[in-house]
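The block underneath contains the structure these notes are about, expressed in C-alpha cells.
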Amino acid sequence: MKKLYPTAILLSLSLLLHAANEDQHIRLTLKEAILLAQIQSVDAAVALNELKTSYWEYRTHQADQLPEINFTGTLPSYRNNYNSHQQSDGSYTYVQNNYMGLNGKISINQNIALTGGSVSFNTSLDFTRQLGKNSYNEYMSIPFGVTLEQPVFGVNNHKWRRRIEPVRYKEAKAAYIESVEDVTLSAITYFFNLLQAKENLAIANQNLENAIKLHDIAIAKREIGHISEIERMQLELSALQARGIVTEARSNLNARMFQLRSFLGLSEQDLIDPVLPESVPSFRMVYHDVLEKAQENNSLAQNILRRQLEADYAVATAKGNQRTVNLYASIGYTGKDPTLEKAYDRLKGNQIVEVGVSVPILDWGKRKGKVKVAESNREVILSRTKQEQMNFNQNIFLLVENFNNQAGQLEIAGQADIIAEKRYKTSIETFMIGKINILDLNDAQRSKDEAKLKHIQELFRYWNYFYNIRSVTLYDFIAGNSLEADFEWIVKQ
C-alpha cells in the first residue's frame, strides 16, 4: 500500500472477484492477497472503525472552536393552578395562576481559546397573556445582550485541548496505517502457510509417484535376485507411508486454504492457488535511515508527545484547582410593554456582574497533595516514554539486522534447494542401476523435501521482515515513498 487510490483498489478487487465468479479458481499472488486483506478482511474493518471514531472526535473538537448558534423556546406554556403566596403579615394564602406564555431565545456562543472563557451574544422575546376576567398581555424583549464567563486563575481547558487533540488525531491516522500493515503481516503469514501446504502436497504426490515406480522396479529386481526381500518390503512400506502422507498433506492444505479464505473474506467455494514469489528486491537497509523514517511517521512519536501533554495538563489542572475565581458578566438592554412594538422602544439597561471566589482556608494539604501526585505521575510517564523509545530503537535495529542477513539466508536456501533436487534425481538413477542402497535414497529424498520447504520458509521470513520494517516506519523502501491514505475518502465510505 503505497497510497490508497480508491479507483485502483476497486478495480483490482473487481478483477479478482470476477475471476472468482467465473470458475471459483483464483491464482493469487502475494500482492493481490495483501490488497484483498487491506480492503475486506475483518481486521481491516476494525481498523477502519477505530479511525472513524478518532476522526469524528477530532471533528467534534474542531467544531467546538467555532461559533454555535442555538434557538431555545417554549411554544407555548399554559398554567391554570394554585400556588402558595406569603402575604405582608407573614401568613400564607393560595392564589390562582391562569396564564399562557411564549418565549424564544437565539444565542451565538463562542469559546475563547486564548483565555479559556466563553462569550455569548443573545436576543430574546417573552410574551405572557394573563387569562380570566382581567386578561391582559405583557411583552418583555432583550434586543441585544452579551454574556461573558471567564475563569481568572483556573486552567485554560480550551488551550490544552487545542494542543492535545491535533496530536491525538495524528496518532490515530498513523495507528490506522500501522493497523493496515498489521493486516498485511497476517495476510503474508496465511499466504505462506497455504503456499507451504501446497508445496507439501506437491512433494507428497511426487514422492508417492516415485515410491510406486521404485517399488515396481524393486519387484522386478527381486525376481532376478538383484535386491533382497527386505529391501523390496522396505520400498513397499515407503509407498504405503507416502500414500498416508499425501492424505495428511491434502487435509492440511484444505485447512490452510480455509484460513486464508476466511481472512480475505472470500467464498468457501473459491479455490485459491497461491503463486510463489519468484524474485525479491536486492538491497540493504541502513539502520539510521530506517530509524529516521520511523521517528517521522510512526504513531509512537505522537503517542509519547500526547501522553506528555496530558501529564502537563493534569499538573496544570491540579494547580488551577488550588483556588478558583470565576467572572460572570452580562450586559444588554431590555424593554417591557403590553404591546410588541413598544416593548422594543423604551429600552432600559440590563447588567449583571458576578465574581465568584473559592479559596481554601484549611484543607490539610489536600490540594497541594494532588499537585504533587500529578507531578509524580508526569515524571513516571517521562521515564516510561524514554524507555519505550529505547525499546523501539532496539527493535528497529534488530529488524534491520535480520532483514539484511535474511537476503543471504534466502540465497543459500535457494541454491540448496536446487542442489538437493539434482541430488535426489541422481540418487534415483543411481539406485535403479544398483549403485546405492535404500537408506541413501531415503536420505536424498529427505534432504530434497527439507530444502524445498526451507526455501519457502526463508522467503516468508524475508517478506515478513520487510513488511515489519514497513509497518514501523510507514515507509515503502522499494518504492521510495511514505505510506499515505486519503483519510477523508476512507472515513466517508
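The values are calculated or read from the model by the stated rules, or taken from the named source; none is laboratory data. Note that the coordinates shown come from a computational prediction; the quantities given were computed from them, not determined experimentally. Every residue, glycine among them, receives a Cβ derived from its backbone with ideal geometry; neighbour counts consider all protein chains shown. Note: areas computed on protein heavy atoms with side chains; ligands, DNA, RNA excluded. Shrake-Rupley method; radii C 1.70, N 1.55, O 1.52, S 1.80 Å.
Quick notes on this structure:
- Cα centre as origin, Lys/Arg/Asp/Glu Cβ charges: the stretch 202-271 dipole, Debye: 100 debye
- Split the accessible area of the stretch 356-436 by element, probe 1.4 Å, and carbon with sulfur accounts for 57%.
- The chain - mean residue ellipticity at 222 nm from DSSP helices (-39,500 (n - 2.57) per run, n ≥ 4, rounded to 500): -21500 deg cm²/dmol
- Between the stretch 228-278 and the stretch 131-186, the alpha-carbon centres lie 60 Å apart.
- These residues, THR247, THR334, go from largest to smallest accessible area, 1.4 Å probe, as THR247, THR334.
- Dipole of the chain [Lys/Arg +1, Asp/Glu -1 at C-beta], most positive-end residue of ALA413, GLY117, VAL290: GLY117
- In a simple Cβ point-charge model (Lys, Arg +1; Asp, Glu -1; nothing else charged), the stretch 43-175 has a dipole of about 220 debye relative to its Cα centre.
- In this structure the stretch 383-456 gives 59 Å² per residue of accessible area when probed at 1.4 Å with all protein chains present.
- Look at (1) 47, 28, 16; (2) 79, 29, 20; (3) 33, 32, 23: the one that is semi-axes √(5λ) of the Cα gyration tensor in Å derived from this structure is (2).
- Cα gyration tensor shape of the stretch 323-426, rounded if a/c is under 1.5, else prolate or oblate by comparing a/b with b/c: oblate
- Of LYS422/LYS454; LYS52/LYS370; LYS105/LYS336; LYS173/LYS319, pairs whose Cα-Cα distance is over 25 Å: LYS52/LYS370; LYS173/LYS319
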